[in-house]
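See structure below.
The values are calculated or read from the model by the stated rules, or taken from the named source; none is laboratory data. Owing to the predicted nature of the structure, the values given are computational and were not obtained by experimental measurement. Every residue, glycine as well, gets a Cβ built from its backbone with ideal geometry; the counts of neighbours run over all protein chains shown. SASA here: full protein model, heavy atoms, side chains in, ligands and nucleic acids out. Shrake-Rupley method; radii C 1.70, N 1.55, O 1.52, S 1.80 Å.
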Number of protein chains: 2
Amino acid sequence: MVTLLSNTDSDFTARFEDFITARRDDDQDVSDVVRAILTDVRTRGDVAVFEYTSRFDKLDLTPETIRVSPEELANAKSHCAPDVLQALKTAAERIDSFHRRHLPEDDNYTDDAGVSLGARWTPVAAAGIYVPGGKAVYPSSVLMNAMPAKCAGVERIVMVVPAPNGDLNPLVLAAAELAGITEIYKIGGAQAIGALAYGTESISPVDVITGPGNAFVAAAKREVFGTVGIDMIAGPSEILVVADGQNNPRWIAMDLLSQAEHDEVAQAILITDDADFARATCDAVEDHLKTLPRADIARKSWNDHGAVIVVETLDQAIPLVNRLAPEHLELAIDAPRDMAAKIPNAGSIFLGRYTPEAIGDYVAGPNHVLPTARSARFSSGLNVLNFMKRNTLIECTRESLAQIGPAAMTLAEEEGLQAHGRSIGIRLNNAPTEGD
Amino acid sequence: MVTLLSNTDSDFTARFEDFITARRDDDQDVSDVVRAILTDVRTRGDVAVFEYTSRFDKLDLTPETIRVSPEELANAKSHCAPDVLQALKTAAERIDSFHRRHLPEDDNYTDDAGVSLGARWTPVAAAGIYVPGGKAVYPSSVLMNAMPAKCAGVERIVMVVPAPNGDLNPLVLAAAELAGITEIYKIGGAQAIGALAYGTESISPVDVITGPGNAFVAAAKREVFGTVGIDMIAGPSEILVVADGQNNPRWIAMDLLSQAEHDEVAQAILITDDADFARATCDAVEDHLKTLPRADIARKSWNDHGAVIVVETLDQAIPLVNRLAPEHLELAIDAPRDMAAKIPNAGSIFLGRYTPEAIGDYVAGPNHVLPTARSARFSSGLNVLNFMKRNTLIECTRESLAQIGPAAMTLAEEEGLQAHGRSIGIRLNNAPTEGD
């Protein structure tokens, strides 16, 4: 049964905290298995990757067949319906437009002391994108991961996608082609993450790995973090809808189910100031479930992890939302921007009654890779900065070094790092070439 | 003996790759111990923190004494020399000026389809800064971690610093006070990371943890990553100096030693196109070592991990530098900016003959927390963005949803997520309130 809470209940605070801290992940500890696979790939390269692919994906690869051929790639589109390709193109263009706006600017200046300082952004040389294979087929994820890398200026974008029994989804390949990815390998799991991080005979290593995956992929990403950059460890998807009584309960119910249908451990929460609306929405959920193809998954998610929280006034929702820090937040209320201004902790915010969360999953433009499990408190959705890094630049002249150097020498001495201080002093007390 | 390489050697490529992949860390696996401590702190809170502090730091704490008192904090300054306090103040002001320039801008616009889109930056609510205690006393690290958080607008900045036998360094406290930190706890190690991440009776949890520490602290940060944000897993410090023969070898030798003196596993590398200069610099290193207080550490670092690489032309240094992706890069050459433009992979770049790396450790302004162990390929030095996160905002009207919605519905159907598609369709085919 869906959890029902009201902030007038005497035990509300305790029950809300219990709800927040309840773990939805099965918390499967696969790290030992994953560590062994990674070590094996690091040590034995291609041979290890081929063995694991044969075992887990029932696919025998060779150095000649591990990579998707130009023919396979070109051929994929012919297996996709034109309207679907057109929709993908619309999505790609809108994602590109949004992300391109957020390329960071460099900063170069000379300060009052005569020191030239700079902050300069550059793209990583190579990015690897993990795309799940098998039953789940998400061409939208290909675009959401690849387009920010492309906007960032990454020269080499590599995709890995498992091909169980040799099957690859044509739409996933079509999305890759649309994003300009030509280097695609038919591998998945921890072995694919290892290949991207360490490199093998067939695959040059990359600098950053992004993209969703199962528990093994997530554990492998955590393990290689430091050798490469990673986006985040994604947890199950979440939606929080704040809605007043002026909404159509059938709309809001469908929004809740659009998250619940992802996964049995997905989470959908409604906060409303209208108890009647809450009841009507619950009824509408049951009604929608009668006709929804993924009803079994959605029902389990809703019953096990869903919640309806009734508050006296919508203002009281604000601290609850910030505590929950949801991945997706819908504000189906009047003046949604007023409330949004008071909510720093949410991955993406969907404003008003005509912005269902699903629009952000595909074509709105912002990324659908968003922080889960309350990490919106401190992290951001995928964006161009995940594929860039910043260098700082410092240039002193003899004069400016003379001005700021003594303070540095004082602090170095205090920290007991004498060579630090002397590397400044030697320049202030001596000529640049020895013997002068 | 310091490694000597020349790119005219027939085996240069192989030896350079060996040098790059050699591990300097002792790679101590403390993760089991750390996991046990974290679980204990998470479960038992204060009691566990007090027990570990008693055992590791020989300090018995209570809820009344775990926090540095306002008196202790106010008192610290009186134990510091005025010139040192003044140097700290100079450093704080310059770090503040540099970081404040890089506050990101929000972006809000309505596109051609009539969809309002936004990207909004907000600071995290609370940041925790780890400061090592004991023999190493680095007030500069307090500033380098705290000032970006302060510039980002973080309202609650918490510091943890171990106080072995109750001893706290007054300069570390003075630096904290200068940075405006008033919430300081006398704890360290994995137990302090656990307290910051999970919270205890005495310490509210934070959202982001930054700052350097030993192997236990590093492992604990890796473990709590996801529950909180972290800056990076710092490895031993590194410097790479590219210098032509026009430098004073005694200056460059001191720069190399300023890194080597940090730690026996620190690394200092010289790349030059002048074999005579290389020899003269090696001689100068030996000469400096005679008088350097930390000579034992510096000598071991230089002999075990240092390298001198002679190239035929300075241009040949560029790909080597990008492969090494050093934390600190000095370009002691003519026209250093021309070369810097070709080097994306370096944490911080020190330009010209009058910019010793040490100036960046203290007062130049840019952060001294920088990516190590080749991670400058994909990560950045600490900056305001480490203490902020970005939300995206989407607002459709009925009209703009009608324009972009169908493409989303097509893709949702293709991905087998029918509730996604229906949450859009129901809005386009029905009135906002039921029964209309």
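Please note which strands (runs of 3 or more DSSP E) are completely contained in region A:104-172 and include at least 1 residues that are in the same structural domain as A:Leu85 (by TED's automatic domain parsing) and of a type in the set (A, V, I, L, M).
Once the strands (runs of 3 or more DSSP E) in region A:104-172 are filtered for at least 1 residues that are in the same structural domain as A:Leu85 (by TED's automatic domain parsing) and of a type in the set (A, V, I, L, M), what remains is A:116-123, A:126-130, A:156-160.
With A:Leu257, A:Leu270, A:Leu289 as the choices, which residue is in contact with a helix residue (DSSP H, G or I) (Cβ under 9 Å, 6 or more places away or on another chain) and surrounded by fewer than 24 Cβ atoms within 10 Å (Cβ to Cβ)?
A:Leu289
Starting from residues that are over 12 Å from B:Leu4 (Cβ atoms) and hydrophobic (A, V, I, L, M, F, W, C), keep the ones in region B:255-270 and report whichever is nearest to the other protein chains (Cβ to nearest Cβ).
Filtering first and then ranking leaves B:Leu257.
Can you tell me which residue is farthest from A:Pro82 (Cα to Cα) among those in region A:153-167 that are in contact (Cβ under 8 Å) with a residue 40 or more places away in the chain and crowded, with 20+ Cβ neighbours inside 10 Å?
A:Val154
Can you name the condition, by its number, that A:Ala280 falls short on among (1) touching a helix residue (DSSP H, G or I) at 6+ places or on another chain (Cβ under 6 Å); (2) more than 11 Å from chain B (Cβ to nearest Cβ); (3) aliphatic (A, V, I, L, M)?
Looking at each condition in turn, A:Ala280 falls short on (2).
I'd like to verify a number: residues in region A:242-254 that are open to solvent by 10 Å² or more (accessible area, probe 1.4 Å) and either of a type in the set (D, E, K, R) or more than 10 Å from chain B (Cβ to nearest Cβ) (or both), how many?
Adding up the residues that qualify gives 2.
Condition first: open to solvent by less than 70 Å² (accessible area, probe 1.4 Å) and in contact (Cβ under 8 Å) with a residue 12 or more places away in the chain. Now tell me which residues in region B:75-88 satisfy that.
B:Ala76, B:Cys80, B:Val84, B:Leu85, B:Ala87, B:Leu88
List the number of the failed condition for A:Asp60; all other conditions in (1) under 22 Å from B:Ala408 (Cα atoms); (2) more than 9 Å from chain B (Cβ to nearest Cβ); (3) surrounded by fewer than 19 Cβ atoms within 10 Å (Cβ to Cβ); (4) out of contact with any Leu (no Cβ under 9 Å at 6 or more places or on another chain) hold.
(1)
Within region A:240-249, is even one residue more than 23 Å from A:Val384 (Cα to Cα) and either in the same structural domain as A:Ile95 (by TED's automatic domain parsing) or hydroxyl-bearing (Ser, Thr, Tyr) (or both)?
For region A:240-249, residues more than 23 Å from A:Val384 (Cα to Cα) and either in the same structural domain as A:Ile95 (by TED's automatic domain parsing) or hydroxyl-bearing (Ser, Thr, Tyr) (or both): absent.
Considering (1) surrounded by fewer than 21 Cβ atoms within 10 Å (Cβ to Cβ); (2) in contact with a Pro (Cβ under 7 Å, 6 or more places away or on another chain), say which one B:Ile187 fails and leave the rest.
If we test B:Ile187 against (1) surrounded by fewer than 21 Cβ atoms within 10 Å (Cβ to Cβ); (2) in contact with a Pro (Cβ under 7 Å, 6 or more places away or on another chain), just (1) comes out false.
Checking the structure you have, find out if any residue of region B:77-93 is touching a Lys or Arg at 6+ places or on another chain (Cβ under 9 Å), in a helix (DSSP H, G or I) and not acidic (Asp, Glu).
We begin by selecting, within region B:77-93, every residue touching a Lys or Arg at 6+ places or on another chain (Cβ under 9 Å); these are B:85.
Then drop every residue that is not in a helix (DSSP H, G or I), which leaves B:85.
Those still in the list that are not acidic (Asp, Glu) too: B:85.
Yes: region B:77-93 contains one or more residues that are touching a Lys or Arg at 6+ places or on another chain (Cβ under 9 Å), in a helix (DSSP H, G or I) and not acidic (Asp, Glu).
Return yes when A:Val206 is within 11 Å of chain B (Cβ to nearest Cβ), in a loop (DSSP other than H, G, I, E, B) and either buried (at least 24 other Cβ atoms within 10 Å of the Cβ) or not hydrophobic (A, V, I, L, M, F, W, C) (or both) and no when it is not.
yes
Go through (1) open to solvent by 20 Å² or more (accessible area, probe 1.4 Å); (2) touching a helix residue (DSSP H, G or I) at 6+ places or on another chain (Cβ under 9 Å); (3) within 7 Å of chain B (Cβ to nearest Cβ); (4) closer than 22 Å to B:Phe98 by Cα and name the single condition A:Ile424 misses.
Checking A:Ile424 against (1) open to solvent by 20 Å² or more (accessible area, probe 1.4 Å); (2) touching a helix residue (DSSP H, G or I) at 6+ places or on another chain (Cβ under 9 Å); (3) within 7 Å of chain B (Cβ to nearest Cβ); (4) closer than 22 Å to B:Phe98 by Cα, the one that fails is (1).
Residues being surrounded by fewer than 24 Cβ atoms within 10 Å (Cβ to Cβ) and facing chain B (nearest Cβ under 10 Å): count how many of those fall in region A:139-152.
The number of residues fulfilling the criteria is 1.
Would you mind stating whether A:Val131 is farther than 28 Å from B:Leu103 by Cα, of a type in the set (A, V, I, L, M) and buried (at least 23 other Cβ atoms within 10 Å of the Cβ)?
Values: farther than 28 Å from B:Leu103 by Cα: yes; of a type in the set (A, V, I, L, M): yes; buried (at least 23 other Cβ atoms within 10 Å of the Cβ): yes.
So A:Val131 passes the test.
Taking only region B:209-233 into account, find how many residues are open to solvent by 10 Å² or more (accessible area, probe 1.4 Å), outside any loop (DSSP other than H, G, I, E, B) and within 14 Å of B:Pro162 (Cβ to Cβ).
Within region B:209-233, residues that are open to solvent by 10 Å² or more (accessible area, probe 1.4 Å), outside any loop (DSSP other than H, G, I, E, B) and within 14 Å of B:Pro162 (Cβ to Cβ) number 1.
Can you spot a residue in region A:50-59 that is of a type in the set (S, T, N, Q) and modelled with pLDDT of 95 or more? Steps first, please.
Taking region A:50-59 as the starting set, the residues that turn out to be of a type in the set (S, T, N, Q) are A:53-54.
From the residues that got through so far, the ones that are modelled with pLDDT of 95 or more too are A:53-54.
Looking through region A:50-59, at least one residue is of a type in the set (S, T, N, Q) and modelled with pLDDT of 95 or more.
In region B:337-392, which residues are more than 7 Å from chain A (Cβ to nearest Cβ), over 21 Å from B:Pro236 (Cα atoms), touching a helix residue (DSSP H, G or I) at 6+ places or on another chain (Cβ under 6 Å) and open to solvent by 20 Å² or more (accessible area, probe 1.4 Å)?
B:Lys342
Quick one: in region B:118-128, which of the residues that are within 7 Å of chain A (Cβ to nearest Cβ) and open to solvent by less than 10 Å² (accessible area, probe 1.4 Å) is nearest to B:Gly213 (Cα to Cα)?
Checking each candidate, the answer is B:Val124.
Conditions: (1) more than 11 Å from chain B (Cβ to nearest Cβ); (2) closer than 20 Å to B:Glu395 by Cα; (3) among the β-branched types (Val, Ile, Thr). A:Ile239 meets all but one. Number of the miss?
A:Ile239 satisfies every listed condition except (1).
Farther than 27 Å from B:Pro139 by Cβ and either acidic (Asp, Glu) or in a helix (DSSP H, G or I) (or both): which single residue out of B:Gly416, B:Gly425 fits that description?
Result of the check over B:Gly416, B:Gly425: B:Gly425.
Taking region A:94-116, which residues are within 10 Å of chain B (Cβ to nearest Cβ), hydrophobic (A, V, I, L, M, F, W, C) and surrounded by fewer than 22 Cβ atoms within 10 Å (Cβ to Cβ)?
Across region A:94-116, the qualifying residue is only A:Ala113.
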